[in-house]
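Below: the structure, in structure tokens.
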Amino acid sequence: MQASETNTRQSAQPRLLVLGATGGTGRLIVREAVSRGYDVCVLVRSAAKASDLAGAKLIVGDARGEEALRQALEGRDAVISALGTPANPFREVTLLSAATRALVSAMKAEHVSRLVSITGMGAGESVGHGGFVFDHLLFPLLLLKVYADKDRQEAIVRESGLDWVLVRPSILNDKSERRTVRALTDLSSFQGGTISRAAVARFVLDQVRGDTWLHRSPLITW
């Protein structure tokens, strides 16, 4: 067992790097992590967009750059990737896979082993389980290129040799109520669903220290 893995499991205050921290879910991950007393660092492209991330250490840089990633990873125990990209049906999407490839290399160089990465319902074997509107309208018309890159991203994570968890949220909303989260790998009877960004943030943070979903790809939904 590497020292970084021991630190992640035993430290009272895990030292996290959060990517995608200025997105809707990423902001909630940072807020929840800080409220739990975690030591949080974020790598952002614009310090101005991260000015409201109270309690987090800011490092400005591109998540596709290994040098910036290694700087942000120094002294960290685990990484949460909440990276996202706008839907564009007319342009190839490479951000997610490029950033993940650089991240895996940087994590190995800095001896950080725990990676929790958010992808989405429709990635991998969860394709075709989003319900009629998602599967037949949103996915083929708007999201095809994004999800092709999510699939590449997941493949890089799976082949990384790291202690990874891939989290696939169902359709996201901004509701504030707390409801029981279902984490599914058997999707034979599942079609569609929603979940709040806040619930995703809590579930993802639970994976930093827990091994229940290690090397697995749960779809999470209400």
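Every number here is computed from the coordinates shown, using simple stated rules; none is lab data. All figures in this text were calculated on a predicted structure; none of them were measured in a lab. Here Cβ is always computed from backbone atoms with ideal geometry, including for glycine, and neighbour counts include all displayed protein chains.
Hey, with R₀ at 25 Å, roughly what FRET efficiency would Glu125 and Gln71 work out to, going by the Cβ-Cβ distance, to 0.05?
With a Förster radius of 25 Å, E is 0.10.
What length, rounded to one decimal in nm, is gained on full extension from His111 through to Gln13, with 0.36 nm per residue of separation minus their alpha-carbon distance?
Extra length available between His111 and Gln13 comes to 33.5 nm.
With a cap of 13 neighbouring Cβ atoms within 10 Å, and only residues DSSP puts in a loop, list the chymotrypsin sites (Phe, Trp or Tyr not before Pro) found in the stretch 68-139.
Phe90
Rank by packing, highest mean first: peptides 209-218, 13-22, with packing defined as the count of other Cβ atoms within 10 Å averaged across residues.
13-22, 209-218
Defining a contact as two alpha carbons under 8 Å apart and six or more residues distant in sequence, what relative contact order in percent does the chain show?
Worked out over the chain, it gives 21 percent.
With just the Cα atoms defining each centre, how far is the stretch 66-116 from the stretch 129-161? Give it in Å.
18 Å
What size of dipole, in debye to the nearest 20, comes out for the chain about its Cα centre when the only charges are +1 on Lys and Arg C-beta atoms and -1 on Asp and Glu C-beta atoms?
Computed about the Cα centre, the dipole is about 420 debye.
Using only the alpha carbon atoms of the stretch 3-221, find the Kirkwood hydrodynamic radius as the inverse mean reciprocal pair distance, in angstroms to one decimal.
Computed over Cα pairs of the stretch 3-221, the Kirkwood hydrodynamic radius comes out at 17.3 Å.
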